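S.K.: One structure follows; several queries about it will come next.
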Amino acid sequence: MTTINQALSEARDKLQTTSPSPAVDASILLRHVLGCSTGHLFAWPDKQLSQQQALQFSDVLQQRIEGKPIAYITGEREFWSLTFKVTSDVLIPRPETETLVEFVLEKFSANDVLNVADLGTGSGAIACAIAVEHPQWNIIATDASTAALNIAQLNASALNLENIQFSHGQWFEPLTGLDFDLIISNPPYVAMDDPHLSEGDVRSEPEAALASGEQGMDAITLLARQAGSYLKTDGWLVVEHGYDQQQAVYDCFNQGGFADIVQLTDLAGLPRVTAGRYGKSNA
Ligand SMILES: C[S@@+](CC[C@H](N)C(=O)[O-])C[C@H]1O[C@@H](n2cnc3c(N)ncnc32)[C@H](O)[C@@H]1O
């Protein structure tokens, strides 16, 4: 029989060559199998795993060794202190995306009733985080992937959110005939031939959630070019982008008729978010 300590130690050894964070991974996977907290692992190092638990642990460990991301194995990821269901149909929400959420929550008043669109919602991380904080805002969350939209809907239901409407379609297609105070997007922005696409966890994520043309700029260019047609005067477009796309995104916003352009860095100090105000006279 295997104890908690032995299971952790063996898992760390096995993950050494394939995972960038063997100890953390081992702990998360064992907690997932035992349904317990980190504190439990520390408090009961000599507790034995049942045969079924040992088998299940060996199975999830093997999945991780073979390169499956932890979030797809456990089926969840935390974002904005909320738990999101994730599958291989959606991008795993990233901590840097909280920069965009923070900006939006600080910039716009909770008391106004805003119409907001989150384009390319994926797991629904951005839309749900904003909906939780500002229940009076009306949010429409869209995606070209039906499978992703289903996950986003499950997440909104699990959080009892009633102020998000989901709609399927290519970028602005679901917004036809509507206008918004705020359009938000974390679109795909990786260059098609970026070698990172074939490394680590990213290999398991949907390509359509990551890659966008030769320079990674196709989606952002389209968003900046077309958003004005769906924004009220003085409405805002806010997008996440790659750390090396700051100038290119600024230029797209400028050409798209946006003024008061703001660019923000994430917690690692990397340029990550661009926001701009649309005025019909700016164009
Ligand atoms: C980088 S992921 C962002 C997911 C989520 N918003 C987040 O921040 O975690 C980009 C999302 O855009 C969606 N997408 C890609 N191409 C699209 C298109 N042409 N129209 C609408 N959504 C698209 C993908 O399916 C994916 O869910």
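S.K.: State which residue is nearest to the chain's Cα centre (by Cα) when the search covers only the range 173-185 and only residues that are away from the ligand (no atom under 13 Å from the Cβ) and surrounded by 21 or more Cβ atoms within 10 Å (Cβ to Cβ).
M.R.: Per the criteria, the residue is L182.
S.K.: How do the pairs read when you match residues in the range 168-196 that are at negative phi and part of a loop (DSSP other than H, G, I, E, B) with residues anywhere that are of a type in the set (G, A, S) and open to solvent by 40 Å² or more (accessible area, probe 1.4 Å), using Cβ under 7 Å and keeping only pairs 6 or more apart or on different chains?
M.R.: Q170/A144; P188/A208
S.K.: When the range 136-150 is examined, which residues are found to be within 10 Å of the ligand (Cβ to nearest atom) and closer than 19 Å to E102 by Cβ?
M.R.: A141
S.K.: Over 17 Å from the mean Cα position of the chain (by Cα) and either among the charged types (D, E, K, R) or under 15 Å from A144 (Cβ atoms) (or both): is that true of Q215 in this structure?
M.R.: Judged against the criteria, Q215 is not a match.
S.K.: Within the range 210-229, identify whether any single residue is touching a Cys at 6+ places or on another chain (Cβ under 7 Å), within 12 Å of the ligand (Cβ to nearest atom) and open to solvent by less than 10 Å² (accessible area, probe 1.4 Å), and answer yes or no.
M.R.: Yes: one or more hits.
S.K.: Suppose we keep only residues that are at pLDDT below 95 and in contact with a Gly (Cβ under 6 Å, 6 or more places away or on another chain) within the range 260-283. Which one would you say is surrounded by the fewest Cβ atoms within 10 Å (Cβ to Cβ)?
M.R.: A283
S.K.: Turning to a different aspect of this structure: Based on this model, can you work out whether A191 counts as of a type in the set (G, A, S), more than 13 Å from the ligand (Cβ to nearest atom) and open to solvent by less than 60 Å² (accessible area, probe 1.4 Å)?
M.R.: Judged against the criteria, A191 is a match.
S.K.: Right, next: Among helices (runs of 4 or more DSSP H) lying entirely in the range 1-45, which contain 2 or more residues that are among the charged types (D, E, K, R) and either at pLDDT 95 or above or open to solvent by less than 40 Å² (accessible area, probe 1.4 Å) (or both)?
M.R.: It comes to 4-15, 22-34.
S.K.: If you check E133 against the conditions, is it more than 13 Å from the ligand (Cβ to nearest atom), in the same structural domain as P187 (by TED's automatic domain parsing), among the acidic types (D, E) and at pLDDT 95 or above? Steps first, answer last, please.
M.R.: Values: more than 13 Å from the ligand (Cβ to nearest atom): yes; in the same structural domain as P187 (by TED's automatic domain parsing): yes; among the acidic types (D, E): yes; at pLDDT 95 or above: yes.
Spelling it out, E133 is indeed more than 13 Å from the ligand (Cβ to nearest atom), in the same structural domain as P187 (by TED's automatic domain parsing), among the acidic types (D, E) and at pLDDT 95 or above.
S.K.: What do you reckon, is A144 under 18 Å from A219 (Cβ atoms), free of Cβ contacts under 8 Å to residues at least 60 places away in the same chain and out of contact with any helix residue (DSSP H, G or I) (no Cβ under 6 Å at 6 or more places or on another chain)?
M.R.: no
S.K.: Let me ask you something else. Among the residues of the range 89-116, which ones are among the aliphatic types (A, V, I, L, M), within 11 Å of the ligand (Cβ to nearest atom) and touching a strand residue (DSSP E or B) at 6+ places or on another chain (Cβ under 8 Å)?
M.R.: I92, L100
S.K.: Could you say which residue among G257, G242 is over 30 Å from T17 (Cα atoms) and either in contact with a strand residue (DSSP E or B) (Cβ under 7 Å, 6 or more places away or on another chain) or modelled with pLDDT of 95 or more (or both)?
M.R.: G257
S.K.: Report the residue count in the range 225-252 for those that are assigned to a helix (DSSP H, G or I) and free of Cβ contacts under 8 Å to residues at least 40 places away in the same chain.
M.R.: Let us first name the residues in the range 225-252 that are assigned to a helix (DSSP H, G or I), namely 225-230, 246-252.
With the extra rule that they be free of Cβ contacts under 8 Å to residues at least 40 places away in the same chain, the set shrinks to 225, 246-252.
Within the range 225-252, residues that are assigned to a helix (DSSP H, G or I) and free of Cβ contacts under 8 Å to residues at least 40 places away in the same chain number 8.
S.K.: Another question, then. Across the range 186-202, what is the number of residues that are over 16 Å from the mean Cα position of the chain (by Cα) and either within 19 Å of N254 (Cβ to Cβ) or among the charged types (D, E, K, R) (or both)?
M.R.: Residues flagged as over 16 Å from the mean Cα position of the chain (by Cα) and either within 19 Å of N254 (Cβ to Cβ) or among the charged types (D, E, K, R) (or both) within the range 186-202 amount to 3.
The values are calculated or read from the model by the stated rules, or taken from the named source; none is laboratory data. Bear in mind the structure is a predicted one, so any value in this text is a computation, not a measurement. Glycine gets a Cβ as well: all are built from the backbone with ideal geometry, and neighbour counts include every protein chain shown. Areas reflect the complete protein model, heavy atoms only, side chains present, ligands, DNA and RNA absent. Shrake-Rupley method; radii C 1.70, N 1.55, O 1.52, S 1.80 Å.
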